[in-house]
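Since the structure comes first, as structure tokens, the remarks are kept for the end.
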Amino acid sequence: MAVVVLMVGVAERTGEREVIFPEMAALAIGMWIAPKRVWNVTRLQLVLLMGAGAVAGVCIVRWSPWPLAANLALAFAFAAGCLSLSRTTLVPLVSACMLPVLLHTESWVYPAAVTAMSLIVVAGQRAMERGGLRPEVYYDRLEWSWRRDGVRWVWLLLAVLAVAALPLSAGYRYCILPPLVVTFVEFANSKSGFRNRPVQVWLMLVAGASAGTLLEWACHVRLGWPESVVALAVCACLFVMFERVGRYFAPVGAVALIPMIVPPQDLFRLPVQIACGAAVFIAVALLLFQRCYAWNRGQFVYCVVPTPLRRYISRPNRGVQDMQG
């Protein structure tokens with residue numbers, strides 16, 4: 001909470017909105033709060049990759065003559081190439097590269113802020129490990145197959161472009177926000193544990209976007225409170241939700257901070273577009289990459305029912321099994 005408040009406070013103090021990097025909340029959740037390793041990446045790689053992705057995104061905005069859809073594809077391809085060459089799974093790199101392209105950010109303040117906040121995240125994680133607040137994280141060098149993994153990234157890119165075609169043509173750019181693209185990549189990854197909780201993840205994304213929008217409008221736009229105070233309230237709501245649900249999903253943190261970098265007139269359309277975009281991205285990932293149409297009935301019910309409600313689902317043979325036990 002402190003590091004997010006610091007980030008927003010610096011943006012308020014300097015007047016540089018590019019300092020607010022919503023994915024910072026996702027990095028803090030994944031590197032500090034989640035009890036297990038979320039991304040297979042070293043600390044040095046995290047700083048270098050996030051900084052390189054932010055620089056690439058600004059360069060694309062400044063010098064690419066292509067339309068928005070082509071620039072988004074170029075940003076996604078750059079992130080995919082970096083992840084492949086480094087053999088890491090730092091999916092938030094996709095957001096760092098695509099966000100300036102989508103929001104047309106040309107300031108070099110953005111990559112400087114992303115690099116600085118990445119340094120804070122890795123330093124904080126190391127300090128927590130030394131202080132015994134979390135277990136030490138190790139990096140495992142992944143095996144890479146250009147044929148298998150390269151083709152997979154190409155299919156992911158084509159799927160992102162297919163989903164983005166309608167929102168871009170209709171002017172609904174918030175349907176394809178980078179944290180939603182990160183969610184799509186996480187679900188398309190067969191090793192992602194959240195592929196078994198699509199409805200719960202969708203509800204968490206919508207709840208995070210709604211909470212961030214409501215607090216930004218009510219506390220900052222209407223009451224004039226500092227956005228650093230709003231950021232504190234947003235983080236508090238997120239962490240309460242995480243503790244109640246018992247699960248952590250890093251893109252929710254990024255989605256909850258997005259309302260702070262959009263124009264006030266777009267606030268109330270933001271949660272609706274995020275809900276629609278998240279639903280489409282998750283559905284496409286499940287259909288094309290997880291092949292949910294081949295699931296049996298039990299697996300399908302297990303996936304669509306949120307975790308807190310699964311305990312209330314009756315099992316036909318449960319009583320007989322208990323008697324036999």
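The values are calculated or read from the model by the stated rules, or taken from the named source; none is laboratory data. Please read these numbers as outputs of a predicted model, since none were measured by experiment. Using ideal geometry, Cβ is built from the backbone for each residue, glycine included, and neighbour counts are taken over all protein chains shown. In case anyone asks, the SASA skips ligands and DNA or RNA and just uses the protein heavy atoms, side chains included. Shrake-Rupley method; radii C 1.70, N 1.55, O 1.52, S 1.80 Å.
Helix 2-14 and the long axis of the chain differ in direction by around 30°, with both axes built from C-alpha atoms.
Working ranking of peptides 152-160, 116-124 by packing, defined as the average number of other Cβ atoms within 10 Å per residue, highest first, is 116-124, 152-160. Region 2-74 and region 77-135 have their alpha-carbon centroids 5 Å apart. When the alpha carbon coordinates of region 94-173 are projected onto the principal axes, the ranges are 51, 37, 21 Å, largest first. Counting helices only, and only those DSSP H runs with n ≥ 4, report the 222 nm mean residue ellipticity of the chain as the sum of -39,500 (n - 2.57) divided by its residues, in deg cm²/dmol to the nearest 500. Value at 222 nm, helices only: -20500 deg cm²/dmol. Normalised by the number of residues in the chain, the mean separation of alpha-carbon contacts (under 8 Å, six or more apart) gives a relative contact order of 24 percent. Rolled with a 1.4 Å probe across the full set of protein chains, the surface gives V206 an accessible area near 30 Å². A simple count of charges around V41, restricted to other residues whose Cβ falls under 12 Å of its Cβ and scoring Lys, Arg +1 and Asp, Glu -1, yields +3. Please report the carbon-and-sulfur percent of the accessible area for region 1-153; probe 1.4 Å, protein heavy atoms only, DNA, RNA and ligands left out. Reported share for carbon and sulfur atoms: 63 percent. Accessible surface area normalised per residue over the chain is 49 Å², counting heavy atoms of protein chains with a 1.4 Å rolling probe. Rounded to two decimals, the Cα-based Rg/Rh of region 12-64, with Kirkwood Rh, is 1.05. For region 202-253, the Cα gyration tensor yields ellipsoid semi-axes of 22, 11, 8 Å (square root of five times each eigenvalue, largest first, whole Å).
Rounded, prolate or oblate: which fits region 235-277, taking a ≥ b ≥ c as square roots of the Cα gyration tensor eigenvalues, rounded meaning a/c under 1.5, else prolate when a/b beats b/c? Cα axes put region 235-277 in the prolate bin. Computed from Cα positions, the angle between helix 43-63 and the longest principal axis of the chain comes to roughly 60 degrees.
Shape class of region 1-104 from the Cα gyration tensor (axes a ≥ b ≥ c, square roots of the eigenvalues): oblate, since a/c reaches 1.5 or more and a/b does not exceed b/c.
What angle do you read, to the nearest 10 degrees and between 0 and 90, between the alpha-carbon axis of helix 198-215 and the longest principal axis of the chain? Roughly 40 degrees between the two axes. Semi-axes of the equivalent ellipsoid of region 169-220 are 24, 16, 8 Å, computed as sqrt(5λ) over the eigenvalues of the C-alpha gyration tensor in descending order.
Estimated at the nearest 10 Å², the accessible area of E18 is 50 Å² with a 1.4 Å probe. Equivalent-ellipsoid semi-axes for region 79-213 (Cα gyration tensor, √(5λ), whole Å, largest first): 26, 21, 18.
Among L238, L48, the sequence by solvent-accessible area, most first, with a 1.4 Å probe is L48, L238.
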